[in-house]
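I have placed the structure first, in the form of structure tokens, so that the comments after it can refer back to it.
The values are calculated or read from the model by the stated rules, or taken from the named source; none is laboratory data. Quick caveat: nothing in here was measured; it's all calculated off a predicted structure. Ideal geometry is used to build each Cβ from the backbone, glycine not excepted, and the neighbour counts take in all protein chains shown.
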Amino acid sequence: ARLSRMDKAETTCGYCAVGCRFDLYGKDDEVLAARPADPEATPANDFSTCVKGKFGYDYVNSDERLDQPLVKEDGEFREATWGEALDRVAEGLSDIQDQYGPDTVSVLSSSKTTNEENFAIQKFARQVLGTKNIDNCTRLCHSSTVAALKQTVGYGAMTNRIEDIGNTDCYLITGANTTESHPVLATRIKQNARDGADLFVFDPRKIDLAEHADQYTRTEGGHDIAWINGMIRHIVENDLQDDEFIEERTRNFAAVEEKVQEFTPEKVEELTNVSPEELANAAETIAEADTCVFGWAMGISQHTYGTQTVLALADLALVTGHLGKPNAGLSPFRGQNNVQGGGGDMGPIPDNLPGYQELSDEGVLERFEEEWGVRPPDEPGLRVTEMFDEVDEGNLRGMYVVGENPAISEPDLTNARESLEELEFLAVQDIFMTETAEYADVVLPAAAITEKYGTVTNTERRVQMVRPVADPPGKAHADWEIVQKLAERLGFDWGYENPTGIMDEINELVPIYGGITHERLEERGEGLQWPCPDEDHPGTANLYTEGFNFEDGKARFVPADLGDPTELPNEEFPIALTSGRVLYHWHTGQLTRRDEGLMSHVGESYAEIHPETAGTIGVADGEYVEVESKRGSIVVKAKVTDRTAPGKVFIPMHFAKGAVNKLTQEELDPISRIPDYKMASVRVRSV
Ligand code: SF4
């Protein structure tokens, strides 16, 4: 039995960024189930959990868990001691750097690990390896959101609390299949809508939330900026804007006022399928509501024009004054459980130091140098979506991947996998032999989130504890312990005795986490929301109540340009493909594909096809189809449903067999470098 530590722990869910809190129970050697914790300790979920958080723990006890370091010899893995495996990683990376320079290696960190671990991993990249190339999966989900919100309001994060999402008067939800991706948020939205809040859903798919909406508008997809700018135009034309808010709290309104003039109702309808009546109704209700929450996810962010679309949403929130107060705000629904903290706040990104501190800020660089004895690289490195091209060019030769699975998550997988193959050295640290680990020279076995201590930060900036309910299997260790041992081999003795030692350093170096200590979190089940600059600070529930995060305290209107979709249906590939998540699975499926209960609901990949389109193709529900883009093809089961519009297909992202990213395109947003996962052209035929 591996449950030698304890059989119950109050902890935070390891799946999505709602950050549900519960007591996790174990019996014998299994993690069995989750139950609501102390009500004081569950501000995000308020007793609710979804099926993944409640039951999805088969993976923890799976026989397939990595429990031993592995090294590759003559193309085959064999078991190794920790000493041999760590030596191989240290040598593999430093040999490349000695020969070709520090920036010829990169590090990928993971939002599945804790804040403390992400801080340690980016420190390993910047201090120990001295490479500027550090990134993680936030690049693939909300990097466009972060880029846009930093420009307009100051922080790249949700402005309000989850609690506000249950109490607002009005919602605009777009590009977010909330019921499946953030189930507990959807429960709050549906309850509040039943109690009278106005719910507007703009989405190309008739998702569950559409059934509960006051107005569901099936958008064409590809030109969301047009209908959002069209709403702003309608609001201004009818003098419904919040003049006082605009005057006192913002700058540059005139530029947006001018920009939106081109988005007439006729143009909006032509581009987006949104009728003038629907546009006017939503715009007027949102403008006249006392409070409104603007919620979005990857249907908005994962486009080549993702940053522009979020700019448009921010402009809409500013023009209506729904910011800087309770029950209102800009609410990007973040993905992974720790993508806010581990993905961004802790700095495993190539363009900011921890806490979004600028690489160009000499004072910040000096503080880090003083603490670390090494000056961090002061120019931006490669984003993960740029790394694989650089491998092809011979500019990137080695990678250390912690908890990421680019062999499933990258767009245009055939290309990405060829790049992984080309690397001179690859080390992968994970809990399973992932599709990416298969390409590695060394595989290091890590602990799962249920086996370690530390903190994670949910989508509302709330930092909460995770605690172990079991020991890691065999010789597996927590990520921070492994990376510390690697640092030691490369000449840096960090001396952390536990994650609290790392958090102490975070408190020193990251002002927005200055007062978020383990000691306080142990006392406060409900966690603390950043910014929390010192130990007397109560945390910040709603951002921007006193001013926006700029020197003058004013938000910036930034006009949003109408981006052009880079791949539209054509004669050869006449159907539009989009991808996304389903309730019973999670990201690249490494955890949920090993869960018997979850697999019994959705056991394989599929393509949602509208009945009309299915008729044209000549395929019936449950039959198999080949879906082909110019980059590759997959065979999946057809699911005939009117959730997806005629002429479009939807395929989930979680499966290795029938991996949708064999079809998706590599085109990137020019600002955030997020790929366009939501727009590809395919043909579909019955097989
Ligand atoms: Fe976990 Fe998200 Fe489900 Fe809550 S809603 S139980 S955080 S997966």
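Worth pointing out:
- Matching option when the condition is touching a residue at least 24 places away in the same chain (Cβ under 8 Å), closer than 16 Å to Ile300 by Cα and not polar (S, T, N, Q), among Ala148, Ala197: Ala148
- Here Leu24 clears all of (1) touching a helix residue (DSSP H, G or I) at 6+ places or on another chain (Cβ under 9 Å); (2) away from the ligand (no atom under 15 Å from the Cβ) except the condition numbered (2).
- Of the residues in segment 642-652, at least one is under 22 Å from the mean Cα position of the chain (by Cα) and among the aliphatic types (A, V, I, L, M).
- Residue match in segment 303-318 (condition: of a type in the set (Val, Ile, Thr), assigned by TED's automatic domain parsing to the domain that holds Gln122 and at pLDDT below 95): no
- Residue satisfying condition, being in contact (Cβ under 8 Å) with a residue 24 or more places away in the chain and surrounded by fewer than 17 Cβ atoms within 10 Å (Cβ to Cβ), within set Glu258, Glu270: Glu258
- Residue in segment 28-39 that is in a helix (DSSP H, G or I), within 30 Å of Thr459 (Cα to Cα), of a type in the set (A, V, I, L, M, F, W, C) and away from the ligand (no atom under 11 Å from the Cβ) present: no
- The set of residues in segment 47-62 being touching an Asp or Glu at 6+ places or on another chain (Cβ under 8 Å) and within 11 Å of the ligand (Cβ to nearest atom) consists of Phe55, Gly56.
- The residue list Glu604, Glu571, Glu608 contains one member that is outside any loop (DSSP other than H, G, I, E, B) and at pLDDT 90 or above, which is Glu608.
- Scanning segment 360-378 for residues that are under 17 Å from Ala125 (Cα atoms) and touching an Asp or Glu at 6+ places or on another chain (Cβ under 7 Å) yields Leu365, Glu371, Arg375.
- The selection criterion, being in contact with a helix residue (DSSP H, G or I) (Cβ under 7 Å, 6 or more places away or on another chain), of a type in the set (Asp, Glu) and crowded, with 24+ Cβ neighbours inside 10 Å, does not hold for Asp208.
- Entirely in segment 284-376, the helices (runs of 4 or more DSSP H) that have 3 or more residues that are within 30 Å of Asp243 (Cα to Cα) and touching a Ser or Thr at 6+ places or on another chain (Cβ under 6 Å): 306-320
- Strands (runs of 3 or more DSSP E) fully within segment 410-526 that include at least 1 residues being within 16 Å of the ligand (Cβ to nearest atom) and closer than 30 Å to Ala541 by Cα: 454-457, 462-466.
- Considering segment 181-205, and only residues there that are buried (at least 20 other Cβ atoms within 10 Å of the Cβ) and within 13 Å of the ligand (Cβ to nearest atom), the residue that is farthest from Tyr15 (Cα to Cα) turns out to be Ile189.
- Between Ser94, Ser109, Ser62, the distinction of being closer than 24 Å to Pro468 by Cβ, of a type in the set (Gly, Ala, Ser) and surrounded by fewer than 24 Cβ atoms within 10 Å (Cβ to Cβ) belongs to Ser62 only.
- Residue match in segment 663-677 (condition: surrounded by fewer than 22 Cβ atoms within 10 Å (Cβ to Cβ), more than 23 Å from Ser419 (Cβ to Cβ), in contact (Cβ under 8 Å) with a residue 60 or more places away in the chain and among the charged types (D, E, K, R)): no
- Out of Thr264, Thr309, sole residue that is β-branched (Val, Ile, Thr) and within 28 Å of the chain's Cα centre (by Cα): Thr309
- Within segment 284-306, the residues that satisfy the criterion of being closer than 12 Å to Pro332 by Cβ and more than 17 Å from the chain's Cα centre (by Cα) are Val293, Phe294.
- Residue-level check: of (1) surrounded by 20 or more Cβ atoms within 10 Å (Cβ to Cβ); (2) within 16 Å of the ligand (Cβ to nearest atom); (3) over 24 Å from the mean Cα position of the chain (by Cα), Trp227 misses just (2).
- Filtered residues of segment 130-164 (kept if in contact with a Leu (Cβ under 6 Å, 6 or more places away or on another chain) and assigned to a helix (DSSP H, G or I)): Ala148
- Residue selected from segment 55-90 under the condition under 29 Å from the mean Cα position of the chain (by Cα) and among the hydrophobic types (A, V, I, L, M, F, W, C), by the criterion farthest from Asp479 (Cα to Cα): Phe55
- Test set (1) closer than 23 Å to Asp98 by Cα; (2) of a type outside the set (Gly, Ala, Ser); (3) in contact with a Phe, Trp or Tyr (Cβ under 7 Å, 6 or more places away or on another chain); (4) buried (at least 22 other Cβ atoms within 10 Å of the Cβ) - Met346 fails condition number: (1)
- Of the candidates Ser106, Ser111, the single residue that is outside any helix (DSSP H, G or I), in contact with a helix residue (DSSP H, G or I) (Cβ under 7 Å, 6 or more places away or on another chain), within 16 Å of the ligand (Cβ to nearest atom) and closer than 30 Å to Asp351 by Cα is Ser111.
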